[in-house]
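> Below is a structure I'd like to ask you about.
The values are calculated or read from the model by the stated rules, or taken from the named source; none is laboratory data. This structure is a prediction, so every number in the text was calculated from the model and none was measured. Virtual Cβ from ideal backbone geometry, glycine too; neighbours counted across all protein chains shown.
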Amino acid sequence: MTDETNPFGELVEEYVLECLPLAEQVADAFVAVERCWREGEDASALLTAIAGPLHTIKGNSAMMGLAAMRDTAHALEDACGVLRHDAESPDPAAGALLAAGGSLLVELVRRARDNPEADEALEFVERVRQWLARGASPALETQPERRRTERRGTASSAGQADDRSASVVRVDFRRLDAMLEILGEGLIQQAALTESVRGLTRRIGPADQVSRLDQAVVALEKTLKRLESTLMETRLLPLSTVVSRFPRLVRDTAEAEGKRVRLLLSGGETPLDKAVLDRLSEPVLHLLTNAIVHGIESPGERRAVGKSDEGTVRLTAAPEAGRVVIRVSDDGRGLDEQAIRRKGESLGRDGRSESGLALRDLIFLPGLSTAPQVSALAGRGVGLDVVAGAIHALGGTIDVETAPGAGTSFTLSLPVTLAIVRSLIVEVDQERYALPLAHVAETVRAEPEAIRQINHRGVAAWRGGLIHVADGGDVLETRQARPAGRRFYVVMAAAGRRRGLLVDRLVGHQDVVVKSLDPELGRPVLVSGTTILGDGRVACILDAVRLLEGGRRAG
Amino acid sequence: MPGESPPSGLLDFAAAVAAAATEEAGSAPVPERHLLTFMLEREEFGIPITQVREVIRVPELTRVPQAPAHVRGVANLRGRILAVVELRARLGLAAAEVSPRSRIVVVDIRGRVLGLLVDAVSQVTKVPETAVAPPPEEVRTAEADYVTAVVRWQSRMIILLDLEKALAPTESPSSQVDR
């Protein structure tokens, strides 16, 4: 993708690829430095650590003729140089200056392709100059010497980086997508082969050559599986690639709101498919922003109720049973249930008779989120329907817990990858569907007496309780005059909800390669994608969460 | 997979440009139009051959729950998922059973690749530009603005379709989960 107006088109992409992580590293470190100083700690180690990245950014920017970035990095270097000598008793303005510079640098590098105007950079450089002049520190005169030592430091740290990255190749993610697409075709062909061999075995019995063919196919299947898992691992990136910019954004939001907020991150090493990560960043950031803007109280309010001035927002992530669970929690004021319920009633959703469950349903309603009265009154619920929609689109679930005065916690459960979904293939009215195994709790043979009708709805006993068992043909709108025998029901489970789905046949398990929905198909709620089965037929992948929601709303 | 469908404003503009180009072509010494013609009910319809990728027999179609009514289903076209549209439904005709003569015309409308289920496909026809006439005013209602012209030629009457209009993305609301 070369840009005609910019001869450096591709080089700029390279530049952004290399410098953006460095700039983010620098900006994050500055936020940490600011915190250290506020708490009276020594930040000299942090300042030393960022000298290398800063210098690299400056050098690369100069090479690309990107003056704004070069000057900003240079000014930050100067400021750091002074502060390193003075790291224990800094000027309170220094922390803010560095943090602002870090944010600016990230912004500039991110927009490098448009070669941004240097106005902001000039302004910042001027700020630094004024601050340095006011400091009138002797360090200014020792600058040349500092430069030299710094360059030495850079050389050695770059050397270490080279050692680590010697066997690392940078690959355009689209290539991984293409590889996955090809692997998907291979998996489909292998499934077709397996099916033909099975048919052959049935026809001519266990002849020697047939069983050898069978062994070869089984071996092929294993090899493809290995290729698949290796490729999926290649596509995984730690969550930290997305969340590393959050401390800075949290800091900026908190500052704008006049609040003091500490962000605690854990589980940043949790791996997720890049396709999931890319679409996860916005909703999670939305939740964090909500927590700061609406959850955490002002320092005064907090003091009045006996809390520390500084609020805490936690972002934790951990793998859990083949999925990743991400939690965003705060120790703020909690949700105002009263206001949410009032608003819910005004939308025609009566939540009075129910407890926590109903609140969870109400808070993700679209109408609730856009209403300004609620955000003014209760504070929470801004755009949560959008967050929930994004999480559902990823095949995830979202849940909320809150305690008045003690805080709110949102829990997201997400699939590790979107590309290949281990599924149960079922048949309903001659159509085949893929049900993601992550949401299949059990398959049960549907004995005629086992399913009772209560208020025209099928109900069955399951694991010591009762669950609603819906007819697959009803749900999928394929019900025919004389339905084939519904011989099984599949118990689907997600986010604490359970529901049975009556189907005609259980066809088998298959890793299905998800193909996105053609826009021509509109936005069918129950279908999250399509896939090609071993026999070449297309099957719809059903959205288990929506299936369960439908059952809950209807029941 | 085709990308996002262009906004309808853009489509209108494109159609206007295309119409202007057609008019110009009418006065220029370009004598023929290449059409793929097919049957729906008892009428013969034609589309520019340039929009046609291929014509295939009707493969096994998979129904998509909650898809718009005019979508007959999806099919596996050499590893790619093809949405198959019931052109009859879009033209206000009753749906028909798939017969041995039924075909799917795979069209490419500015990157949107779609299958059109038709009753039967005639051959590629070259018609002289002089045989192309605008449709009678009465035929050209607001809903049926996809009829761009009528060809009367060799005792045939071919209705020319503007597929972009006939297949304009509808704002059919996605059906609800409830009930």
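> Got a sec? Which of B:83, B:131 is out of contact with any helix residue (DSSP H, G or I) (no Cβ under 7 Å at 6 or more places or on another chain), more than 14 Å from residue B:45 (Cα to Cα) and of a type in the set (A, V, I, L, M, F, W, C)?
Working: B:83 fails: out of contact with any helix residue (DSSP H, G or I) (no Cβ under 7 Å at 6 or more places or on another chain).
Only one candidate passes the filter, namely B:131.
> If you scan the stretch A:167-207, which residues turn out to be in a loop (DSSP other than H, G, I, E, B), of a type in the set (A, V, I, L, M) and within 34 Å of the chain's Cα centre (by Cα)? First the steps, then the outcome.
Step one: list which residues in the stretch A:167-207 are in a loop (DSSP other than H, G, I, E, B), which gives A:167-172, A:205-207.
After this cut, where a residue has to be of a type in the set (A, V, I, L, M) as well, the list is A:168-169, A:171, A:207.
Result: A:168, A:169, A:171.
> Just wondering, is there one or more residues in the stretch A:420-431 that are at pLDDT below 75 and outside any loop (DSSP other than H, G, I, E, B)? Give the steps one after another, and end with the answer.
Looking only at the stretch A:420-431, we keep the residues that are at pLDDT below 75, and these are none.
No: zero hits.
> Here is a further query. Just checking, how many residues over the stretch A:497-554 are farther than 22 Å from residue A:224 by Cα, over 23 Å from the mean Cα position of the chain (by Cα) and within 9 Å of another protein chain (Cβ to nearest Cβ)?
11
> Which numbered condition in (1) part of a loop (DSSP other than H, G, I, E, B); (2) modelled with pLDDT of 90 or more is the only one that residue A:269 fails?
(2)
> For the stretch B:32-71, how many residues meet the condition of being part of a loop (DSSP other than H, G, I, E, B) and within 14 Å of chain A (Cβ to nearest Cβ)? Give the steps one after another, and end with the answer.
The initial filter retains those residues of the stretch B:32-71 that are part of a loop (DSSP other than H, G, I, E, B), namely B:41-42, B:58-61, B:63-70.
With within 14 Å of chain A (Cβ to nearest Cβ) added as a condition, the list becomes B:58-61, B:63-70.
Total meeting the criteria: 12.
> Within the stretch B:138-169, restricting attention to residues that are modelled with pLDDT under 75 and farther than 22 Å from residue B:52 by Cα, which residue is nearest to the other protein chains (Cβ to nearest Cβ)?
B:143
> Follow-up. Could you check how many residues of the stretch B:72-86 are over 30 Å from residue B:157 (Cβ atoms), assigned to a strand (DSSP E or B) and of a type in the set (D, E, K, R)?
Looking only at that region, the number is 1.
> Residues to consider are A:84, A:70, A:110; find the one that is of a type in the set (Lys, Arg), more than 28 Å from residue A:237 (Cα to Cα) and in contact (Cβ under 8 Å) with a residue 24 or more places away in the chain.
On the way: A:70 fails: in contact (Cβ under 8 Å) with a residue 24 or more places away in the chain; A:110 fails: more than 28 Å from residue A:237 (Cα to Cα).
The match here is A:84.
> Could you check how many residues of the stretch B:49-83 are under 30 Å from residue B:32 (Cα atoms) and β-branched (Val, Ile, Thr)?
Let us first name the residues in the stretch B:49-83 that are under 30 Å from residue B:32 (Cα atoms), namely B:49-57.
Still in the running and β-branched (Val, Ile, Thr): B:49-50, B:52, B:55-56.
Residues that pass the stated criteria total 5.
> Can you say whether residue A:51 is at negative phi, aliphatic (A, V, I, L, M), surrounded by fewer than 21 Cβ atoms within 10 Å (Cβ to Cβ) and modelled with pLDDT under 85, as far as the supplied structure shows? Walk me through how you get there before you give the answer.
Numbers: at negative phi: yes; aliphatic (A, V, I, L, M): yes; surrounded by fewer than 21 Cβ atoms within 10 Å (Cβ to Cβ): no; modelled with pLDDT under 85: yes.
Spelling it out, it is not the case that residue A:51 is at negative phi, aliphatic (A, V, I, L, M), surrounded by fewer than 21 Cβ atoms within 10 Å (Cβ to Cβ) and modelled with pLDDT under 85.
> Ok, one more. From the list A:470, A:441, A:390, pick out the single residue that is touching a Lys or Arg at 6+ places or on another chain (Cβ under 7 Å), not aromatic (Phe, Trp, Tyr) and not in a strand (DSSP E or B). Break it down stepwise before answering.
On the way: A:470 fails: not in a strand (DSSP E or B); A:441 fails: not in a strand (DSSP E or B).
Of the residues listed, the single one that is touching a Lys or Arg at 6+ places or on another chain (Cβ under 7 Å), not aromatic (Phe, Trp, Tyr) and not in a strand (DSSP E or B) is A:390.
> Look through the stretch A:486-496, keep the residues that are away from chain B (no Cβ under 14 Å) and at pLDDT 80 or above, and return whichever of them is surrounded by the fewest Cβ atoms within 10 Å (Cβ to Cβ).
So, considering only residues that are away from chain B (no Cβ under 14 Å) and at pLDDT 80 or above, the one surrounded by the fewest Cβ atoms within 10 Å (Cβ to Cβ) is A:487.
> Consider only pairs whose beta carbons are under 6 Å apart and that are at least six residues apart or on different chains; among these, list those whose first residue lies in the stretch A:184-202 and is aromatic (Phe, Trp, Tyr) and whose second residue is at pLDDT below 85.
So the pair list comes out empty.
> Return yes when residue A:297 is in contact with a strand residue (DSSP E or B) (Cβ under 9 Å, 6 or more places away or on another chain) and either surrounded by fewer than 16 Cβ atoms within 10 Å (Cβ to Cβ) or free of Cβ contacts under 8 Å to residues at least 40 places away in the same chain (or both) and no when it is not.
Numbers: in contact with a strand residue (DSSP E or B) (Cβ under 9 Å, 6 or more places away or on another chain): yes; either surrounded by fewer than 16 Cβ atoms within 10 Å (Cβ to Cβ) or free of Cβ contacts under 8 Å to residues at least 40 places away in the same chain (or both): yes.
Here the answer is yes, as residue A:297 does meet what is asked.
> Okay, next question. Here's a check for you: in the stretch B:107-125, which residue that is away from every other protein chain (no Cβ under 14 Å) and at pLDDT 90 or above is surrounded by the most Cβ atoms within 10 Å (Cβ to Cβ)? Give the derivation first.
Taking the stretch B:107-125 and keeping what is away from every other protein chain (no Cβ under 14 Å), we get B:118-125.
Okay, now just the ones that are also at pLDDT 90 or above, so B:118-121.
Values: B:118: 24, B:119: 21, B:120: 14, B:121: 18.
This residue is B:118.
> If you take the residues of the stretch B:89-99 that are more than 19 Å from residue B:37 (Cβ to Cβ) and assigned to a loop (DSSP other than H, G, I, E, B), which of them is nearest to the chain's Cα centre (by Cα)? Before you say what the answer is, go through the steps one by one.
Of the residues in the stretch B:89-99, the ones more than 19 Å from residue B:37 (Cβ to Cβ) are B:89, B:92, B:94-95, B:97-98.
From what's left, assigned to a loop (DSSP other than H, G, I, E, B): B:92, B:94-95, B:97-98.
Details: B:92: 13, B:94: 16, B:95: 15, B:97: 19, B:98: 18 Å.
Looking at the filtered set, the residue picked out is B:92.
> Out of curiosity, is residue A:505 closer than 25 Å to residue A:187 by Cβ and surrounded by fewer than 20 Cβ atoms within 10 Å (Cβ to Cβ)? Reasoning before the result, please.
On the way: closer than 25 Å to residue A:187 by Cβ: yes; surrounded by fewer than 20 Cβ atoms within 10 Å (Cβ to Cβ): yes.
Yes; evaluated as a whole, the condition is true for this residue.
> Now for a different question. Restricted to the stretch A:444-459, and to residues that are not aliphatic (A, V, I, L, M) and not in a strand (DSSP E or B), which residue is surrounded by the most Cβ atoms within 10 Å (Cβ to Cβ)? Reasoning before the result, please.
Step one: of the stretch A:444-459, the residues not aliphatic (A, V, I, L, M) are A:445, A:447-449, A:452-453, A:455-458.
If we keep only those that are not in a strand (DSSP E or B) too, we end up with A:447-449, A:455-456.
On the way: A:447: 9, A:448: 7, A:449: 5, A:455: 6, A:456: 5.
Restricting to residues being not aliphatic (A, V, I, L, M) and not in a strand (DSSP E or B), the top hit is A:447.
> For the structure I just gave you, tell me whether residue B:95 is at pLDDT below 90 and either within 25 Å of residue A:191 (Cβ to Cβ) or surrounded by 14 or more Cβ atoms within 10 Å (Cβ to Cβ) (or both). Working first, answer last.
Values: at pLDDT below 90: yes; either within 25 Å of residue A:191 (Cβ to Cβ) or surrounded by 14 or more Cβ atoms within 10 Å (Cβ to Cβ) (or both): no.
For residue B:95, the condition - at pLDDT below 90 and either within 25 Å of residue A:191 (Cβ to Cβ) or surrounded by 14 or more Cβ atoms within 10 Å (Cβ to Cβ) (or both) - is not met.
> Related question: Between residues in the stretch A:214-242 that are without any contact (Cβ under 8 Å) to a residue 24 or more places away in the chain and assigned to a helix (DSSP H, G or I) and residues that are surrounded by fewer than 16 Cβ atoms within 10 Å (Cβ to Cβ) and of a type in the set (Val, Ile, Thr), which pairs lie under 9 Å by C-beta distance while being six or more apart or on different chains?
A:214/A:201
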